[in-house]
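Heads up, the thing below is written out as structure tokens.
No lab work stands behind these numbers, since they all come straight from the coordinates. Since we're looking at a predicted model, the values are computed, not measured. Here the Cβ positions follow ideal geometry from the backbone for every residue, glycine too, while neighbour counts run over all protein chains shown.
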Amino acid sequence: VPVSLLTSWATLRLSEKFILLLILSAFITLCFGAFFFLPDSSKHKRFDLGLEDVLIPHIEPGKEGKHNESLRDKIRADHERALQEAKEKLRKSKDELKAEIQTEKTKVAEDLKKKDGPKPLPPVPMPKLVGVNDGDPGDPDTKEKRDKIREMMKHAWDSYRQYGWGHNELKPLAKKGHSTNIFGNSQMGATIVDALDTLYIMGLHDEFKDGQEWIEQNLDFSVNAEVSVFEVNIRFIGGLLAAYYLSGQEVFKVKAVQLAEKLLPAFNTPTGIPWAMVNLKSGVGRNWGWASAGSSILAEFGTLHMEFVHLTYLSGNPAYYEKVRHIRKLLAKMDRPNGLYPNYLNPRTGRWGQHHTSVGGLGDSFYEYLLKAWLMSDKTDTEARKTYDDAIEAIERHLIRKSNGGLTFIGEWKNGHLERKMGHLTCFAGGMFALGADGSPDDKAGHYLQLGAEIAHTCHESYDRTVLKLGPEAFKFDSGLEAVAVRQNEKYYILRPEVIETYWYMWRFTHDPKYRQWGWEATQAIDKYCRVSGGFSGVKDVYSSNPTYDDVQQSFFLAETLKYLYLLFSGDDLLPLENWVFNTEAHPLPVLHMANITLPGSQNQG
Ligand code: DMJ
């Protein structure tokens, strides 16, 4: 057969051969298709990857109809409910609707907070709190004066409450909120946080509660704002910590720790000396454009120790304590020109900037925190005390002089030259010398108490030699001038506390009535010249009988000025200095009995 087939194939024409091939290939394709595509369960299973069961819900035969029906019922019910709700909503008033939306918003925010809310802080023993009482001064005259100061606080607070609530500060003439670059573009209620402990010790409890509620509901640190690390530390963290210790309300502790976490990226520099500013959201840091050669400022990176020790104590996080220990160690290793600490230090290179030294602006609270670190540690941090003593010794040698008229002043050291000018800020040093007298080397306690008294006297003179009896921003001891401002832009008073702060410390250590008298003079002058219907304002020229206002009620007026005045007219049993140490913004922090406490991280001090 194959031979005959081959013979007949050979006899066929090309077109016939082509048609036959076509028929043959169609036949083969048909057979192949039948093999693969006709339903044959056994073969089908070989190619089944099992995805069907995963992707399509399995419905048992017979149940399918029921399922679709229940689904349809559910959709219909949902639809009807939505329609009903919409109808009800249309019947509601605008206000009802607004309130409903607000409740829903708050609920969502709370749910979110709960979800990624703060980790609970470890329980730590609350230091024994002595002297959180009324501090009744006893005699009616002093009590009356103290009541007046309390009334001034109420006026400052109520005005802020009415016109600036939630803003950082208040413009008491324009009657609206105010802020400065130290808070970036944030709106974090600086006045509320700064004022809380003053309200508490004055017994203004409704106002305190009001502030606490605002903090609970509104104080949020995830803001895209570039803030000053130093200012946020002394005002916000210091304020929150003091409010926590005084009132025992957990919210203040939690907020303080949350905020502190946001400051930590500022320490990410080649040396560990923090940037002056940090963006709370991005964590990017930088320094003030005006600071010498991109430097950080001594009074800023040197004024973190007290708060950071408390943060580690309360949170159990060693990071805070480690950061400030590192700063101290780095400074200890550096050469000091003439034994003095320059105000500027570059955080990239670890080198000093300009050789300017000051006990006023740019340097002040660095010295203050050395002394207070020692006091706050129950005098166990002897390294801090020694550093303070050495620094003060060099300052006395190079910066402290007596004027021709017999006034002791602290000048500014600029590249080996002493500028015979003293700032209002420098006046805090009178109190610092008195506070550090006990425990000073070579039994110089009497000397330092005397030095404190002399500074208090000089600063009082700077007030007394003005028309308004309020102190200028800076005053000179040169060319026959004694304790008076020369330049127009140094004649302002912006409600600062330093002179009153020194009066209070001197009062506590000496009980010389002149300090209360001087404090009362300042109270009256502030009430007469700075009080306006919308709060208290700074004045631009203390030598003019017709002063103009700067229209700012600084948050430190409530935190410090009014608090120190109130304490000056209270009994010493209110916040005794053996148990409390005031941070540089006058926020009282309790002494930690370090002999019985091991701070996390303190073991790795190497
Ligand atoms: C306050 O914020 C603090 O006392 C700081 O240390 C410097 N001075 C201002 C008020 O004058």
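Starting from region 506-586, pick out the chymotrypsin sites (Phe, Trp or Tyr not before Pro) whose DSSP state is loop and whose Cβ has at most 16 other Cβ atoms within 10 Å.
Tyr543
Using a simple spin-label model with points 7 Å from Cα along the Cα→Cβ vector, what separation in nm is obtained for Asn268 and Thr510?
Here the answer is 5.1 nm between the modelled labels.
Which order do peptides 130-136, 439-445, 210-216 fall in by mean Cβ count within 10 Å, highest first?
Ranking, from highest mean packing down: 210-216, 130-136, 439-445.
At a 10 Å Cβ-Cβ cut-off, how would you order Val542, Val257, fewest neighbours first?
Ascending Cβ contact count within 10 Å gives the list Val257, Val542.
List the relative contact order of region 336-380 as a percent without decimals, with contacts defined as Cα pairs under 8 Å and 6+ residues apart.
Result for region 336-380 is 25 percent.
Could you give the size of the charge dipole of region 359-411 about its Cα centre, using +1 on the Cβ of each K and R and -1 on the Cβ of each D and E, expressed in debye and rounded to the nearest 20?
Around 240 debye, computed over region 359-411.
Can you give the relative contact order of region 321-403 as a percent, counting alpha carbon pairs under 8 Å and 6+ residues apart?
Relative CO of region 321-403 lands at 21 percent.
Just list whichever of Lys209/Lys469; Lys402/Lys444; Lys333/Lys444; Lys154/Lys255; Lys145/Lys491 have alpha carbons separated by over 31 Å in the model shown.
Lys209/Lys469
Using amide H atoms built in the peptide plane, which far-off residues or other-chain residues are under 5 Å from Trp580 H to H?
Amide H neighbours of Trp580, under 5 Å, 5+ apart: Val591.
On a C-alpha basis, how far is the centre of region 201-232 from the centre of region 148-186 in Å? Whole number, if you could?
Centre-to-centre distance over Cα atoms comes out at 13 Å.
Considering amide H positions built from the backbone, and no H for Pro or chain starts, which residues 5 or more places from Val484, or on another chain, come under 5 Å of its amide H?
So Val484 has HN proximity to Lys476.
Please report the spacing between the Cα centers of region 235-250 and region 425-483 in Å, no decimals.
Cα centroid of region 235-250 versus Cα centroid of region 425-483: 30 Å apart.
So for Met126, Met422, fewest C-beta neighbours within 10 Å to most, what's the order?
Taking fewest neighbouring Cβ atoms as first place, the list is Met126, Met422.
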